[in-house]
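**Student:** Below you will find the structure I want to go over with you.
Nothing in this text is a laboratory measurement; each read-out follows from the coordinates by a stated rule. Just so you know, these numbers come straight off a predicted model, no measurement behind them. Heads up, the Cβs are rebuilt from the backbone with ideal geometry, glycines too, and the neighbour counts pull from every protein chain shown.
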Amino acid sequence: MQDELLPSDVEQVESLILSLYEPASPSTISKTQSTLSRLQSSPQAWSLAHHLLGRPDEKVKFFGALTIIVKLNTENASLSDSDAVELLVSLLEWYIGALQHKTGLLVVRKLASALATYFIYFHRLCNRYIFHLLVSLASNRAWQPGTIDESVDFNAISESLTGVHLHAAILVISNILEDVTRIDLNAASNVGLYDSVLANTSDSVTLIAMCMSRDDVSPEVKQDALRCLQSWVSFAQKTSARNSYIADSLRPLIGGSINALIVEELYSAAAELLIDVLFNWPSLLTGQHYTILANIFDTPWFHHRYEQLIQGDADFESTQLGYVLLAFGEARVEDLIQNDHEQNKSILSQLCGLLAADGYPVAENRIFVPAIEFWSTLTESVSDMDPESTSASSVTAITIPYIFQATSNAWKKIIYPPADEFHSWDSGDRAGFHDARKDVVDLLQAVYTLIGPRLVETFSSLILSTLASSSWLELESAIFCLGGLADCSREDPRCDDFLAAVFSSPLFSVLRSAQKTIPTRVRQTCLTLIEQYTEYFERNTHLLSTALSLLFNEVSEHSMAIPASKSIHRLCSSCRSHLHPQMDGLLAEYRNLVATASLDCISREKIVGALASIAQAIPDDEKRYTACSGLLDIIQSDVQQSMKLVNVTNDEVLPQQMQLPCSDILPEEHVGLHVALRALGCLASMGKGLQSPPDFSIDLEAESNQKAKTPKLIQIQEQIIRIIVEVQNVYSGSSEVTELICSVLRSGFSESEPGPFVLTPEDIVRFLVGHSKDTPRIGIVVSMACSFISSLPPQMLGQYQKILSGVLSWVIGLLKQLPEPGAEPELVQNGIDLVSRLLTRSPSAFISLEPSDAIEFFFLFTLQVMDGKEPLPKAAAAEFWTAFVGIRGDNAGLQETFKRAMDTLGPLLTQSLARNIGGNALRSELDRLSEPLRKLVVNYPMSREWLQSGLDHPSFPSQRVTPEQKLLFVKKVISLRGARATNQVVRDFWLTARGANFAYAS
């Protein structure tokens, strides 16, 4: 039907083509493009292209050439050799005609692309393709392949060509090289292509050299010759492992390319070529080439351009100069750091100067970031040298002055602009500037590895000097850099004197007294510095009070709240053992903040977590629980407030004498729910804060010797449970409530001693079984149950059989309520994971579950999941079966029970595995599915019969696998006895079942 709608004559097609260049509606343009695209795919497109290339309008010619390319790419196999020869003659005639009639360059370039595409598919018909092209151009005649005398002097022909003809040949060569660089030369369809390119290398090199050396060739042609050389370089690098012939042929052209740098018209093309080679294939250049290039860096021409770049000329050509210099530096970094001669010193100075080029990085200065990366590379090269070698000390002495100068230039360049100017930048420039600051930190950390505390001393001095002069933005940059060194220096006591100079300086007092005059960003960076150097404060506890006083003072201001609260949390958590005597004062400070300031939710959570970590360190139980009660009372007041707001809708006025309870509340949010979530967030943060610190060792195998719960602790736990129950009952439809409650309960699972959040297993199970499938995010509740099962002490599992059975019945009941195994993947995945964990930890609780039909349902359910499409539940099901097949009972009776179960389940399991391995599974799932198969082979002698039966079952999905291949697969799997090599055997079988076309499809 569509073919009937296609234009029937050339005039109609020409009219359609030209209509694309006229104003029209998007739908009309789309319709026209669709019609022309179908024309290019039609059988008559070959002859149509011939006619279009004979039309006078260049836009029509262009479409004709494009059609030839499309047909070659899609239907080249349909052309016989005689058809292909005829097409080549036609292409050459059109190309020569276009040159003779001075057709526009767009058509010429498209015809050059068509000639290149022809070479890709029919290179075997014309081995010396470039020679054939040049002879045709020189004689203004399209020759058939094989009709030209090969003894004709190529150089003589080239000399006779005009600049136009040379350019035409260069365009074809460039297109050929761009195409062959992109395609897979090892593919069966491209056999012989590399050899054909190799056969044309010499002619191409001669042609490029002629273009570059002849005075009568225009700069535009020479530019394209340089770009052609760059295409050759890319191809040669890609294929360099085959042989060095192409590289050896191209190398003599590099010297002329270097000299082309100082030719104004050729500068850009030459720079692009050299940047490419120096960064990606520096070995192509000889020592002589590097000497020539280094000498250029000392010419008046270079100094003039370099000065323009340093003075802030952001033009592309100026930036290119910087890239040439950086590419040279990276290629010669070893020579630069090891040979202390004047030329290297000059180049290092120039490289260092790039970091001082005018303009803010990224927004105005594009050379800063690559320059920083170079200096990081150079610094790491120096650091990686063997410190015991005699050369290492001399290299360090040579390079450190330049590295210091580089860091001096770098920290100044990342000083923020005034706030108004910074916010006037687009988001990309702002993000780029922030990334540039991170790159400077990377450099500083590399420099610290080399010179150590001297760098901290440098920035300490800068902070003091900029603070004294009230140079706020410079102060921010210096503090940012010192903070960036924290990862290297905060645990190094050698830095303490330099850090003391900062933290004992008037910095904190100035921040408190001059809040209104100091830019917000400066204050934020100062607060973050405290967080970054918490280890220093652990060693110098006399400064803790001053730091915390500043932080609590700043946290009430909205713009300071996040960095201040993060620093409070980090400082209190790290220094908890030193701060617990101040717990009452800090708690009072927080109460005052809650009463007088509208703290955002995140800041509240951070501060509660901070205070909880201090409470955790209080050695006396009663005092610790009293501190916990104080925190809980504040959280309880939020819960009470949320209850008062439960019936207040978004558009209602708040009750009398009640202010908006949080600055974070969005217009579309329910106020009461928001406050309830804040309370739960703080409760979860409190639970995490009360956890034992990471360096506190726990012996999971030790006998339980827990202290008895005190009445105060029982009272606290009851209050926590009441908060959870009250919020969940009122806001039962909120998935966020569910997630936060799970986070609260999880916080006690890792603890070995009694604590407010270490609830009894009975309490946890009571909470779990109160949830149904309709609970929002029920999957995350089940995930929390997984953590609970894993947290139970091994020595206590025996007495928890009833609890474990209750959890198991509950989760299987949830899965039973699903309409199908593919529904609610999160619940299915976590439900199967829970059963797997319980099976592994207590096989008897699993296999003895009553009623027995619950376990029978679960077995069949997991098999259905394994046959499904959801990847995560499927992986969980495979892990369950791996665990079940590999389980070893505690006694002979239990082991016999598992064996009897497998007599029934084994054939069903292998049928499911056969369906997956037979093509239903994704490639990425095969390793996981191989695991139960490996366990099966090791543990059950009947696995051979089961597997063979599964492969022969009518449900096996593939028709491509023969009975002999199935039998061989079984033999291989059995013979490997569960070894890792089974996975590869499974992959090979899956490929056979899928067919070769699916090798990389999934």
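**Student:** Roughly speaking, what is the centre-to-centre gap between segment 330-381 and segment 70-92 when only Cα atoms are used, to the nearest Å?
**Tutor:** 52
**Student:** At q = 0.12, 0.13, 0.20, 0.23 Å⁻¹, what is the log10 ratio I(q)/I(0) for segment 822-905, with the Debye formula run over Cα points and no solvent?
**Tutor:** Normalising to I(0) and taking log10 leaves -0.33, -0.39, -0.90, -1.15.
**Student:** Radius of gyration and Dmax for segment 376-514's Cα atoms, expressed in Å?
**Tutor:** Values for segment 376-514 (Cα only, Rg and Dmax): 16.6, 54 Å.
**Student:** Which lysines have a Cα lying under 27 Å from the Cα of K816, excluding residues fewer than 8 positions away in the same chain?
**Tutor:** Here the lysines satisfying the reach criterion relative to K816 are K773, K802, K869, K874, K899.
**Student:** Right, next: What fraction of the Cα pairs in segment 760-887, stated in percent, has a spacing above 22 angstrom?
**Tutor:** Of the Cα pairs, 28 percent sit more than 22 Å apart.
**Student:** Any chance you could give the angle, 0 to 90 degrees and rounded to 10, that helix 871-886 forms with the longest Cα principal axis of the chain?
**Tutor:** With both axes taken from Cα atoms, the answer is about 60 degrees.
**Student:** Can you give the charge dipole size of segment 96-234 about its Cα centre, rounded to the nearest 20 debye, using +1 on the beta carbon of Lys and Arg and -1 on the beta carbon of Asp and Glu?
**Tutor:** With only Lys, Arg, Asp and Glu charged at Cβ, the dipole is about 400 debye.
**Student:** What does the charge dipole of segment 760-887 about its Cα centre add up to, to the nearest 20 debye, if the Cβ of each Lys and Arg holds +1 and the Cβ of each Asp and Glu holds -1?
**Tutor:** The dipole magnitude comes to about 240 debye.
**Student:** Another question, if that's okay. Measure nothing fancy, just the Cα-based angle from helix 368-383's long axis to the longest principal axis of the chain, in degrees from 0 to 90, nearest 10.
**Tutor:** 70
**Student:** Continuing with the same structure: For segment 660-690 and segment 840-918, what is the centre-to-centre distance using only Cα atoms, to the nearest Å?
**Tutor:** Between the Cα centre of segment 660-690 and that of segment 840-918, the gap is 43 Å.
**Student:** So what are segment 398-448's ellipsoid semi-axes, whole angstrom, largest first, if each one is the square root of 5 times an eigenvalue of the alpha-carbon gyration tensor?
**Tutor:** 26, 11, 7
**Student:** Within the set K110/K222; K566/K712; K566/K644; K412/K688; K412/K606; K413/K516, which residue pairs have Cα atoms separated by over 29 Å?
**Tutor:** K566/K712; K566/K644; K412/K688; K412/K606
**Student:** Which whole number in µm²/s is D for segment 494-577 by Stokes-Einstein, with the Kirkwood Rh taken over Cα pairs at 10 °C and 1.306 mPa s?
**Tutor:** Reported coefficient: 124 µm²/s.
**Student:** Which lysines, on any chain, are close to K709 with Cα under 16 Å apart, when same-chain ones fewer than 8 places away are left out?
**Tutor:** K623
**Student:** GluC sites (Glu not before Pro), restricted to segment 65-174: which are DSSP loop and have at most 15 other Cβ atoms within 10 Å?
**Tutor:** Sites meeting the loop and neighbour criteria: E150.
**Student:** What number results when the radius of gyration of the chain, computed over Cα atoms, is divided by 2.2 N^0.38 Å?
**Tutor:** For the chain, the normalised Cα radius of gyration is 1.25.
**Student:** Find which of L849, L274, L936 sits farthest along the positive direction of the dipole of the chain, computed with +1 on the beta-carbon of Lys and Arg, -1 on that of Asp and Glu, about the Cα centre.
**Tutor:** It is L849, whose Cα lies furthest towards the positive end.
**Student:** Have a look at W46, Y95, S25 and report the one farthest towards the positive end of the charge dipole of segment 1-95, computed about the Cα centre with Cβ charges (Lys/Arg +1, Asp/Glu -1).
**Tutor:** Ranked along the dipole, the leading option is S25.
**Student:** Still on this structure, please answer the following. If we sort 950-963, 488-501 on the protection proxy, mean other Cβ atoms within 10 Å, highest first, what's the order?
**Tutor:** Put in order of decreasing packing, that is 488-501, 950-963.
**Student:** By the gyration tensor of its Cα atoms, with a ≥ b ≥ c the square roots of the eigenvalues, what is the shape of segment 893-1002: rounded for a/c under 1.5, prolate for a/b over b/c, or oblate?
**Tutor:** Cα axes put segment 893-1002 in the prolate bin.
**Student:** Cα axis of helix 163-182 to longest principal axis of the chain: angle in degrees, 0 to 90, nearest 10?
**Tutor:** 30
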